[in-house]
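I have placed the structure first, in the form of structure tokens, so that the comments after it can refer back to it.
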Amino acid sequence: MSESSNSKRIARIVECAEEHFGKEVERVTAPGGEGRSSFRLHFDDRDVIATLRPNFRRTHLEAHVLNSLNTYSSDLPRVLGVVGEILFQSDVGRRRLNQEIVRCPAGSQKDLAAEAVAGIFRIHAAARKTDLHKMMPHLGNNAEWISNLVDAVDALQPYSQGISGDYDRAAVGNAIAYPGKQFVKWDCRSGNAAIGQDERLRWFDFEYSGLRHGAEDFAWLIGDEAWPIAPDVMVDIMIDAYDHECGHEISDYLEYMSVYLTLHAVQRFKLIVKEAKKRGWLSKERVRKYDDAGVHPEFAVQICKVGQYFAAQSPLTAPLSRNFEGAARAFKEILRDGSSLKSA
């Protein structure tokens, strides 16, 4: 986006905000970078998040989701108004989870991760008390989407041995072709949660929410390449926080999550490789500051470890464990040698 068009966008938001709130906006900052949809508006007495999305329907759907969930949950922002394509919502805090989790002492990281997991379960429980299941879009419910997810594992081949014939693509596809019953936030990467002045952790950015199994939200969190908590520790946290009212036996829930998370890890791996070839490696600090793709060799190794661990948890995906292991070795070499990513 050009500087002039971005300036016009900000001017439009400020004009709309001042008319809506009847107060002057003192300054505007961009927590995710100038090119993102959301800006922080600083008034004399509070901060407000203003989001201008190109899709009118999506903006109003997000507002409806927030209003519906806020009736039963305080784990998300409050809607302060919708004017056309602009959504005004409460500022849940500047201390983003993706940065806070690496700043806090190692002994406190698990507690913070547990807060994040418990918050997602509470949001899911709140959604089951609403009518969102009657009107939200069903996510990933067509054969092409499923096959693309299942076949994406071929991206691991250049960095490891070939994909084993024991990887039953049809069976894996059937396992994740889950009908949309549970509301999911989607995109539960750790950059989409923050801690406020009241020390509460809340989730934000419900733009892509819809209906699916439910475990996908935890796959987004655990499969966030910048997330520093070991996968086995995250499973323990999941077990401790598990909501037995969610409609699944815990063993079935974790089995599904393992299969889905394995495929999700491949998607994150592909994104890292693509962006590294295009832009080169980025610093870990920059990735966390702007909630960017984890374009750093250490993050590539991390997502391979996550994929390897969860692949091994299910017979359906166990054949992929060695592929993740091989890819992790390749990126450890890049990390050690400081070399660039070769085209595959």
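Within segment 302-322, the residues that satisfy the criterion of being open to solvent by 10 Å² or more (accessible area, probe 1.4 Å) and either touching a His at 6+ places or on another chain (Cβ under 7 Å) or in a helix (DSSP H, G or I) (or both) are 302, 305, 308, 309, 318, 319, 321, 322. Can you tell me which residues in segment 30-44 are modelled with pLDDT of 95 or more and open to solvent by 40 Å² or more (accessible area, probe 1.4 Å)? Across segment 30-44, the qualifying residue is only 44. Being at pLDDT 95 or above, of a type outside the set (S, T, N, Q) and either assigned to a helix (DSSP H, G or I) or open to solvent by 30 Å² or more (accessible area, probe 1.4 Å) (or both) is a property that residue 75 lacks. Every listed requirement among (1) open to solvent by 30 Å² or more (accessible area, probe 1.4 Å); (2) within 26 Å of residue 174 (Cβ to Cβ) is met by residue 278 save one, (2). Annotation: of all residues in segment 164-180 being in contact with a helix residue (DSSP H, G or I) (Cβ under 6 Å, 6 or more places away or on another chain) and hydrophobic (A, V, I, L, M, F, W, C), the one that is farthest from residue 304 (Cα to Cα) is 177. The helices (runs of 4 or more DSSP H) found entirely in segment 227-293 that carry 2 or more residues being over 30 Å from residue 30 (Cβ atoms) are 231-241, 250-279.
Can you spot a residue in segment 19-41 that is under 26 Å from residue 222 (Cβ atoms), outside any strand (DSSP E or B) and among the β-branched types (Val, Ile, Thr)? I'd like the intermediate steps shown before the answer.
Step one: list which residues in segment 19-41 are under 26 Å from residue 222 (Cβ atoms), which gives 31-33, 36-38.
Filter once more, so that each one left must be outside any strand (DSSP E or B): 31-33, 36-37.
With the extra rule that they be among the β-branched types (Val, Ile, Thr), the set shrinks to none.
Looking through segment 19-41, none of the residues is under 26 Å from residue 222 (Cβ atoms), outside any strand (DSSP E or B) and among the β-branched types (Val, Ile, Thr).
Residues checked against (1) touching a residue at least 24 places away in the same chain (Cβ under 8 Å); (2) surrounded by fewer than 16 Cβ atoms within 10 Å (Cβ to Cβ):
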site	(1), (2)
80	yes, no
85	yes, no
94	yes, yes
103	no, yes
106	no, yes
123	yes, no
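Of the set (1) at pLDDT 95 or above; (2) buried (at least 17 other Cβ atoms within 10 Å of the Cβ), all apply to residue 59 but (1). The single condition from (1) open to solvent by 10 Å² or more (accessible area, probe 1.4 Å); (2) of a type in the set (Val, Ile, Thr); (3) modelled with pLDDT under 95 that residue 287 fails is (1). Considering segment 124-185, the qualifying helices (runs of 4 or more DSSP H), each wholly inside and each with 2 or more residues that are acidic (Asp, Glu) and closer than 26 Å to residue 323 by Cα, run over 143-151.
Being over 13 Å from the mean Cα position of the chain (by Cα) and not small (Gly, Ala, Ser) narrows it down to one of 178, 208, so name that one.
On inspection, the qualifying residue turns out to be 178.
Scan segment 126-141 residue by residue and report those that are closer than 26 Å to residue 263 by Cβ and either at pLDDT 95 or above or in contact with a helix residue (DSSP H, G or I) (Cβ under 9 Å, 6 or more places away or on another chain) (or both). Can you show your working first?
Residues of segment 126-141 closer than 26 Å to residue 263 by Cβ: 127-128, 132-133, 136-141.
Across segment 126-141, the qualifying residues are 127, 128, 132, 133, 136, 137, 138, 139, 140.
Annotation: residue 237 fulfils all but one of (1) under 27 Å from residue 107 (Cα atoms); (2) touching an Asp or Glu at 6+ places or on another chain (Cβ under 7 Å); the unmet one is (2). When 191, 210, 223 are checked against the criterion of being over 19 Å from residue 289 (Cα atoms), small (Gly, Ala, Ser) and open to solvent by less than 10 Å² (accessible area, probe 1.4 Å), a single residue qualifies: 210.
Is it the case, given these coordinates, that residue 54 is part of a loop (DSSP other than H, G, I, E, B) and within 17 Å of the chain's Cα centre (by Cα)?
Details: part of a loop (DSSP other than H, G, I, E, B): yes; within 17 Å of the chain's Cα centre (by Cα): no.
The answer is no for residue 54.
Filter segment 329-342 down to the residues that are within 16 Å of residue 274 (Cα to Cα) and modelled with pLDDT of 80 or more, then identify the one that is least open to solvent (accessible area, probe 1.4 Å). Selected residue: 331.
Inside segment 135-160, can you point out the residues that are touching a Lys or Arg at 6+ places or on another chain (Cβ under 6 Å) and either closer than 21 Å to residue 64 by Cβ or buried (at least 20 other Cβ atoms within 10 Å of the Cβ) (or both)? Write out each step before concluding.
Restricting attention to segment 135-160, the residues satisfying the condition of being touching a Lys or Arg at 6+ places or on another chain (Cβ under 6 Å) are 139, 150, 155.
Correct list: 139, 150.
Test residue 209 against the stated conditions and say whether it is closer than 23 Å to residue 270 by Cα, touching an Asp or Glu at 6+ places or on another chain (Cβ under 8 Å) and hydroxyl-bearing (Ser, Thr, Tyr). Give the derivation first.
Working: closer than 23 Å to residue 270 by Cα: yes; touching an Asp or Glu at 6+ places or on another chain (Cβ under 8 Å): yes; hydroxyl-bearing (Ser, Thr, Tyr): yes.
In short, yes.
Applying a threshold of 7 Å to beta carbon distances and a minimum spacing of six or more residues, or different chains, the list of pairs starting in segment 199-213 at a residue that is more than 15 Å from residue 73 (Cβ to Cβ) and ending at one that is among the polar types (S, T, N, Q) reads 205/192; 211/182; 212/182; 213/182.
The values are calculated or read from the model by the stated rules, or taken from the named source; none is laboratory data. These figures come from a predicted structure and were not determined experimentally. FYI the Cβ positions are ideal-geometry reconstructions off the backbone, even for glycines, and counts take in every protein chain you see. These accessible areas exclude ligands, DNA and RNA; they are computed on the full protein's heavy atoms, side chains included. Shrake-Rupley method; radii C 1.70, N 1.55, O 1.52, S 1.80 Å.
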